[in-house]
Structure formats: structure tokens, C-alpha cells
Amino acid sequence: MKPVSSHRPFASACRLLLAVLVLSVPTQLAGQQLRVPAPATPLETVGGMVVSEHHVASRVGAEVLAAGGNAVDAAIATGFALAVTHPSAGNIGGGGFMVIRFPDGSTTALDFREKAPLRAFPQMWLDEDGEYSSRRHHDSHLAVGVPGTVAGFDKAHLLYGRVNWERLVYPAVALADDGFEVHEGLARGLRSLVERTPYEATREAFSNGGVPYEAGDTIRQPDLASTLNRIMLGRAEGFYRGRTAELLAAEMERGGGMITLEDLARYRARERAPITGSYRGYDIISMPPPSSGGVAMVTMLNMLEGYEMGEIEHNSPEYVHLLAEAMRRAYADRARFLADPDRVDVPVHALTAKARADSLRATIDPARATPSDLDEVAQWPESPETTHYSVVDEDGMAVSVTYTLEQGYGSEIVVPGAGFLLNNEMGDFNAAPGMTTEGGLIGTTPNLARPEQRMLSSMTPSIVARDGELVAVVGSPGGRTIINTVMQVILNRIDHDMSPLDAVGAPRLHHQWFPDRISIEAAGVSEAEAERLRAMGHTVRVGGRQGLAHSIFIDPATGRRVGVPDPRNSNAGAAGH
Ligand code: GLY
């Protein structure tokens, strides 16, 4: 192991005292046996459980559950821990969504999506010559949206948390300050980041004095520890005002970004009514706009409910065809209608009504692909980064969280002196009014950048219930593939009665209207099956990996929970009691 920096601001008597105060709070469940299997291993319990992208973060959340916290508490602690251990997507400089189902069956959703700064305008990614600049849109200080994560966690805690705030943030402070072991994938990601970044603060935060970390090294993030400490002591104010806000605004000014102290002070997370739908007697609870996830997934499930999907061989050409045709139609609606509901009138009820699905289904030819309408427009591809985690507590409260920096490591800009990465979520806005090109840009009106508008997302944190009982907590990263990933995990359980592990592990497919193409994971179809799909008029691409659906399934009869870290990632983990 390489030597690491000796700069450790909180490894002091002061932090020790804080640890004693924060961690020794008496708790009703204290003393519960924590169960932390090896990374990537499913876990069965009857108590609380967390499944996330990094096993250390899952453990942090499970410790909160075992110490008497509820699922919202655990979700907050896990989210802060992921901001340290999973820097490519875990964050305090990005945003996301949380869907909650309470033990009495009631539900709610928290929207902490980033928003555009006050100075934003629809043509902001055109250069001096009026040409669209993908660099400005996706890879510049202008691409940074006003972060929402800390406000979201603060609001979730104020509304529904049970244990004190410090208890939830402290483990992340300690992880950033003491460090944690770098795994192989993280070492690879950080090496590539520090080798390409033009930003000195990014190199400083994610290398060991300029030398890339290797697997087995300990990475410490002292500036991030200081920022998390300010959040621990000041809650959201520790991020949106004072030193953290000043450092962020100074970096914006230095790099030509738009976010000001006023933008930060004005940021508010919002509580929204979830999207609710039904599929063969199961209740589907998911994220409303500004995510497109819940609306598009319910629209697709409504279409598929009209077929005997359980009678059709899983991933056979007939099955893939029906899924792809449902996806094509729902993603066309997504592009036409969905955006920030505070700025645009989104016809949510009409889009998710069974009648809408009936009319869409009537246009599906069971034997032939329907070409996507070329009068419509394609969209800039979204990044597959983002991260999802699922939480259930002992009482049956369920929390489904997906949050993101947009691309891996977001804008790749670390705020100097504050140690955290900023998102590049403004790239999820459309390119410019009327700018529709065959190359993949879209210029439709609803999702254009406007002051304080939230950019459209595909994140689909979801919960499934039946007859008043919790059945599953599901979600995934993966840009626009997210919606289809989550839907297929649900279909695998409901229609094909797959085991929890198979439901998450089974090969997945994706179609998003434009490009007019089905992508299928390699094990999903044989060459002969791909040929049959081509003969039906589909373009088929086989290969790649789709999603990381860290999920929890509950047997309503016994209350047993099965947590499944998606086998596509060997560092994901479940932990519980
Ligand atoms: N940036 C990915 C999403 O919000 O869907």
C-alpha cells in the first residue's frame, strides 16, 4: 500500500468527541446483529436492509437501521457515504429522487433534481457564431446545474427521519477523513480521470500527490471531509450558504459558469405525489416529472398488460419485439410531452391512463417493427452513469433512491477547497429551440433550459406492492436505459416468476424510439434469434451492459427480504440485520 497524505483535519480529539456524542445516542434497536455478506452476494433477512453500489455505503446504512433509524435515515446515511466511496455518481454536487412507501401503504416522493441557474436561457449552448457547442452543453462550467442532493436529504430528514442528522452524516465525514480501500474499478476510473483532467483540484482530490491510486491503496479526501463536516453541523445551510457556497460560486466565476450565491440560496427540494399505476394486480409506485421514469414505465406496463407476457418465452424474438414496440411508443411520448412540471403543463394522467395504452397498443403489429417516426427527433444520448440504492426497514418502510452527477464524475470539476465534484446535468436539457438534427439533437420546447427549470431525467426509483403489502424496491442507473431496466426487473418477477437473483441478473434489452434500434445484452439472444428480429424489421445490436439494479424483494407471506446487489458489479453490496 502506498503512503497517504498525513493531512487529516478531523483526526483529532475534537472529532473523537463528536464520534462519541453522535454514535452513542441511545437507540431502540441497539445491539442488533449486523449482517454484511461479501460484496455482490445476496442477503436474506427479516429486518432492515440496504443494497447499494458500494458495500461500505450499504454497511453504513444498515448500521443506522440496526441503531434504530428508519429507512429514510438509512437512505440519507447511505447517500452521504456513497458521495465518498463512489465518486463517479454518489454525490453532494448533483441531484436525484427518492420514492418512499410507508408501512401503512401511503407513499410520497422527493425531488432534489438540479435546476438551471437564474441566468440560464434556451440558447446558452450556442457559440459566438450561433453554432451548437456540445462542449459547452456537456463539458464546461456552463453544464453545471444547481445541486440538489443536500437539500433533498435535509428535507427527507426533516419530514420523515427518526434519528439525529449528525448520526447520518458522521459516517461519511469519517470515511472521507480516515479513508477507505480503493477497489480495482475505482482505481481504473480515478487513474483515467486524473490523467485527462485539466482541473488541478480534481487531480489533487483523486490522486495521491499526483500519483494515481492503485487497488488496495487507501484514499483520503480531507477537503470533502471538511465540507461534509459543515453539512453535519449546518444541515443544508452548510452547503447552500457560507463557506461551501462561497467556494462553489468562486469556482463558477473562475471557470465561466453561471451559478451564483443567490442560485444556491434559492434552491429547494420538492415533495411530489408519486406516479402510481397497476400491472396485473400489482401497484407500481414511481417517480413523477421532472423524471420521465414513472410516466414512461407505467405507460409501457399498461401496453404490455394487454398481452399474455407470462405465456411468451422470456427474451424470445416475439417477447423482445413486444417490449421494443412498447418502449418505442412510450419514449416518443417522453420526448414530446415530459419536462419540469413546475414550468410546463405535463399531461401525466392522460399519458398513464389505461385508455392511452390501449390506443398505443392498437398500433403495434405483432409481426413487424413500426419504424420510428422520422418527422420526430432524436435526442442527445444520456450518460449511463448515476447510481441507485434500495432500503427497507424493520417496520416495512421502503425507500428507493436514484441520484446522479449525470456523466461519470459529472463535469469532472472538483470545487477547490471543498473536495466534491460538480454535476454536468445541464446536458439533460434540449440543445436549442428548433435545433433538431439527424445527428441526435432535439429542439422541442418543453425541456429547454430556462431560469430555475429542472432538466428532464430518466431516473426511475420505484416500489412495488400488492394487496397493501410491500413486494419490491427497484431502480437502476443507465441514462435512458434506466426506465427499461427497472421495468424488466418487475416483469421478470411478475410474469416469469424468476428468483430475485435471476430477475436482476437476466439479460436486458433497450429501445428508446431514436435511434431506432434494439440493444440487447450479449446473453439475451442467440444469433438466430437476432436474425429473426432483423427479419421483422428491427435493427439489433447485441452486447454491452445495461443497468445496475440493486434491489430488495419482500415475500409478503413471511416478511423475508432478499437483497440483490446486481451481479453486473462486483463491489455492490447488501447489508442488513
Ligand atoms: N442524468 C441521467 C438522468 O437524470 O436520467
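Before moving on, here are some points about what is shown:
- Filtering the stretch 434-443 for residues that are in a loop (DSSP other than H, G, I, E, B), at negative phi and within 11 Å of the ligand (Cβ to nearest atom) leaves an empty set.
- Positions within the stretch 30-55 being β-branched (V, I, T), surrounded by fewer than 24 Cβ atoms within 10 Å (Cβ to Cβ) and either within 22 Å of the chain's Cα centre (by Cα) or part of a strand (DSSP E or B) (or both), in sequence order: T41, T45
- Residue list for the stretch 526-577, restricted to those being basic (K, R) and closer than 24 Å to E184 by Cβ: R545, R568
- Against the criterion of being out of contact with any Ser or Thr (no Cβ under 8 Å at 6 or more places or on another chain) and in a loop (DSSP other than H, G, I, E, B), R532 does not qualify.
- Filtered residue count, the stretch 176-190, keeping only those that are buried (at least 17 other Cβ atoms within 10 Å of the Cβ) and among the charged types (D, E, K, R): 1
- The stretch 16-73: number of residues that are under 27 Å from K155 (Cβ atoms) and modelled with pLDDT of 70 or more: 26
- Residue check, G94 touching a Phe, Trp or Tyr at 6+ places or on another chain (Cβ under 9 Å) and within 16 Å of the ligand (Cβ to nearest atom): yes
- Checking each residue in the stretch 545-568 for being open to solvent by 10 Å² or more (accessible area, probe 1.4 Å), out of contact with any Lys or Arg (no Cβ under 9 Å at 6 or more places or on another chain) and either among the basic types (K, R) or within 25 Å of I518 (Cα to Cα) (or both) picks out R560, R561, P567.
- Elements of the type helices (runs of 4 or more DSSP H) sitting completely within the stretch 246-350 and holding at least 2 residues that are within 30 Å of L158 (Cβ to Cβ) and out of contact with any Gly (no Cβ under 6 Å at 6 or more places or on another chain): these cover 261-266, 293-304.
- Of residues in the stretch 194-249 being among the β-branched types (V, I, T) and within 21 Å of P147 (Cβ to Cβ), the one surrounded by the fewest Cβ atoms within 10 Å (Cβ to Cβ): T197
- Meets criteria (of a type in the set (V, I, T), surrounded by 23 or more Cβ atoms within 10 Å (Cβ to Cβ) and over 24 Å from A465 (Cβ atoms)) for I518: yes
- Index of the failed condition, E128 passing every other in (1) in contact with a helix residue (DSSP H, G or I) (Cβ under 8 Å, 6 or more places away or on another chain); (2) part of a loop (DSSP other than H, G, I, E, B); (3) not aliphatic (A, V, I, L, M): (1)
The values are calculated or read from the model by the stated rules, or taken from the named source; none is laboratory data. Fair warning: this is a prediction, and the values are worked out from it, not measured in the lab. All Cβ positions, glycine included, derive from the backbone under ideal geometry; neighbour counts span all protein chains shown. Just the protein is used for accessible areas: all its heavy atoms, side chains included, with ligands, DNA and RNA removed. Shrake-Rupley method; radii C 1.70, N 1.55, O 1.52, S 1.80 Å.
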